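In what follows, a single structure is set out as structure tokens and then discussed.
The values are calculated or read from the model by the stated rules, or taken from the named source; none is laboratory data. Keep in mind the model is a prediction, meaning the values are calculated, not measured. Neighbour counts run over all protein chains shown; Cβ positions are idealised from the backbone, glycine included.
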Amino acid sequence: MAVMINIKNISKQYKDSDYQSLESVVLQIPQQSVFGLLGPNGAGKTTLISILCGILKPTSGSFEIDGSSSVQNPSEIKNKIGVVPQEYALYPTLTAFENLMYFGSLYNVPKKELKLKITDYLTHLGLSNFMHKKVQTFSGGMKRRVNLIAGILHNPKVLFLDEPTVGVDVQSRATIISYLKELNKKGTTIVYTSHLMAEAEDFCTDIAIIDQGKIFIQGTPKELIQNTPNACNLEEVFIALTGKNLRDVV
Amino acid sequence: MWFKLWQSIIKELKLLFRDIGGLITLFVMPIILVVVVTSIQDSTYQSISASKIPVLWVDHDQDSISFRVQEELEQSQSFILISKLDSKPLTEEVAKKEVFKGNYQMAIVLPKDLTGSLNIKVRQNVDGILDEMGMSTTSYEPVEVPGKEIRMYFDPATQTAFKNGIKNNIDKMVARLESDAVYKTFEEQLGGSGTQSFNNSFISFKEIVPREKNKDVLPNSAQHNVPAWTLFAIFFIMVPLSINIVKEKNQGTYLRLLSSPTSNSILYAGKISTYLIICLLQFYAILIIAEVVFPYMKLPQLNLSATKIVLMSVLTLTAGLAAISLGILLGIIAKTQEQSAPFGATFVVILAAVGGVWIPVFAMSETMQVLSKISPMNWALNGYYDIVLRNGSLIDIIPEMLLLTLFFVVFITFALIYDKKKRSI
């Protein structure tokens, strides 16, 4: 299968830090996969996603997304990716529509097309009656859905989601996952981090488990479960590989 | 690019105008500040009987010199002389106590035999001179005459500038009285008719003020204060602007902006354009208050022509750019609103102090005068005064505009480079 994201020996050590947050990470993410990046707190998931999204620079190494190099064509990469951060990356005093108009404009989506898309996506995700209400009045699930729409307005080839369903109710989570599956069927590669193992097992086609800045293991959920002794599900695979100790990171 | 820029401006304007607290900080507070300061300072431009300063007067001389000093102080319309408290004549001890307690601003104590001693001393000096010239009509026998001291007590809280002003005035008065005494004594000794008047000064002072359309342009408190405090309001914009950037960093929207293909320059251009509009709106709001509301409050009008308003608008844009660059830099460096807000507010106060908004630059120490030369508020204030008070044209304010624009370029460049380096670490 063609490779959509090719990560070549990415390392990252933050200033004033004694350890490396990422250590020579090598990873290939197949095209049109739903790729789960799983790991305990402080494993390096968010750091890796931030580097791939262009928010942080790696200490060493490079990557390619859809053939565009992070070293030679960084701005080309940004046109091809969409980001759904863990925080509600929305302006609370703007309405859902206003937020999406602004974020969509940053990706060169033409005005008329943008308005149509916003209306379409908000309707699809059950928010058509709230599009002109301020985001600060929304519930967590509603904010997550607007957060998601802001990341896909420009039809990205790759969508990075950092814990997209954290803190939301069951119905909202189901809606979001269902929508992401639809997006994936239409050709979008999804890179997804989560602490919810059951969700990852159901949703992801490929998984990599990362801990202490290194990729431990990679494969389909079925392969990982089969290859881990006494593991019946992904959660047991995860604990077997990363241990039961608490991970408190400063 | 234009669509992105336009959407950025719309977003910033909506964020600003939906923040009531922010609007009050940006528009209402500066207007209140200008009105209050102009009202307070307006009295210093006028000679009003209501603002006479009560002075405790202890006259141990009770003779012509002390009577003349008293007469001149009362005629100056600036003082009310009080010689009794609780119906009892004032003593030096009581006067000193009252002043040091802060009940009165100052006390003047004239020593006993001031007139007598002065007359003896002057006579001796005149006799001495005439004796040397062989023209003395009386025998010259010098006698030791101890000097006399007029003692002044000031409330410790009195400002030095006020004290120096009073001392200089009394010093001038006494010097004139002394020279009058000398002239009179010469006249007596030389047998003059006593009809010459020495009270009128040969050298007089006249203030020549700028003229506009054949009329004297006399500066009023509005013309001094409105430009100064308008600048204060403009530079205060660095507080809400820095908070805006810090909020964006902390609420996650910054991540979305960083991961988008839109360059930082466009993102900041949106903020710069928006806050420049706000600076202009602040300027016009204060201008409207000064032109329309001030007369109803019995405060002087600005009396600006259309040309001056245009020139001031252009200068406001460059001052706004300088202020915005500081706000952006502060927003990029600060990690929390608790860092950016107090620092920004204090920094604006320092800029105002160094810039000559409170105390004129020429009255500052040498070190502060050097510092004021690098203050953007000082450049802008000079530009405003060139227009409002010195009848300057566009050519006269070009140096200030260039400095302010250069300031903006340097600080914005530094801010963007710092931001990029911070994210590379």
### Query
Do we find a residue being within 19 Å of A:LEU159 (Cα to Cα) and at pLDDT below 95 anywhere in segment A:127-139?
no
### Query
Across segment A:56-66, which residue is farthest from the other protein chains (Cβ to nearest Cβ) among those that are part of a loop (DSSP other than H, G, I, E, B), touching a helix residue (DSSP H, G or I) at 6+ places or on another chain (Cβ under 9 Å) and surrounded by fewer than 20 Cβ atoms within 10 Å (Cβ to Cβ)?
A:ASP66
### Task
Report whether or not B:SER221 is polar (S, T, N, Q), modelled with pLDDT under 85, touching an Asp or Glu at 6+ places or on another chain (Cβ under 9 Å) and closer than 20 Å to B:ASP386 by Cα.
yes
### Query
Of the residues that make up segment A:24-45, is at least one within 21 Å of A:SER194 (Cβ to Cβ) and within 14 Å of another protein chain (Cβ to nearest Cβ)?
no
### Task
Identify the residue in segment B:387-420 that is surrounded by 22 or more Cβ atoms within 10 Å (Cβ to Cβ) and modelled with pLDDT under 90 and, among all such residues, is farthest from B:SER263 (Cα to Cα).
B:VAL388
#### Entry: Pairs, first within 9 Å of chain B (Cβ to nearest Cβ) in segment A:70-81, second surrounded by 15 or more Cβ atoms within 10 Å (Cβ to Cβ) and hydroxyl-bearing (Ser, Thr, Tyr), C-beta under 6 Å, six or more apart
A:GLU76/A:SER68; A:ILE77/A:SER68
### Summary
Flagged pairs (Cβ under 9 angstrom, 6 or more apart or on separate chains; first in segment B:174-198, more than 26 Å from B:LEU110 (Cβ to Cβ); second at pLDDT below 75) are B:GLN189/B:MET135; B:GLN189/B:SER136; B:GLN189/B:THR137; B:GLN189/B:THR138; B:LEU190/B:MET135; B:LEU190/B:THR137; B:GLY191/B:THR137
### Query
Is at least one residue of segment B:295-315 buried (at least 19 other Cβ atoms within 10 Å of the Cβ), of a type in the set (Gly, Ala, Ser) and part of a helix (DSSP H, G or I)?
no
### Task
State which residue pairs qualify: first residue more than 9 Å from A:LEU153 (Cα to Cα) and more than 9 Å from chain B (Cβ to nearest Cβ) and inside segment A:98-117, second residue not in a loop (DSSP other than H, G, I, E, B) and not small (Gly, Ala, Ser) in any location, beta carbons under 9 Å apart, and separation of 6 or more residues or different chains.
A:LYS115/A:PHE97; A:LYS115/A:MET101
#### Entry: A:SER105 vs. criteria farther than 23 Å from A:GLU163 by Cα, among the hydroxyl-bearing types (Ser, Thr, Tyr) and touching a Leu at 6+ places or on another chain (Cβ under 6 Å)
no
### Query
Quick check: anything in segment B:316-334 farther than 30 Å from B:GLU248 by Cα and modelled with pLDDT of 90 or more?
no
### Message
Being modelled with pLDDT under 90 and of a type outside the set (Lys, Arg) narrows it down to one residue among B:SER263, B:SER242, B:SER273; which is it?
### Response
B:SER263
### Task
Go through segment B:249-278 residue by residue and tally those that are closer than 21 Å to A:VAL109 by Cβ and either away from chain A (no Cβ under 13 Å) or assigned to a helix (DSSP H, G or I) (or both).
13
### Query
For segment A:147-169, does any single residue satisfy the condition of being over 15 Å from B:ARG256 (Cα atoms) and in a helix (DSSP H, G or I)?
no
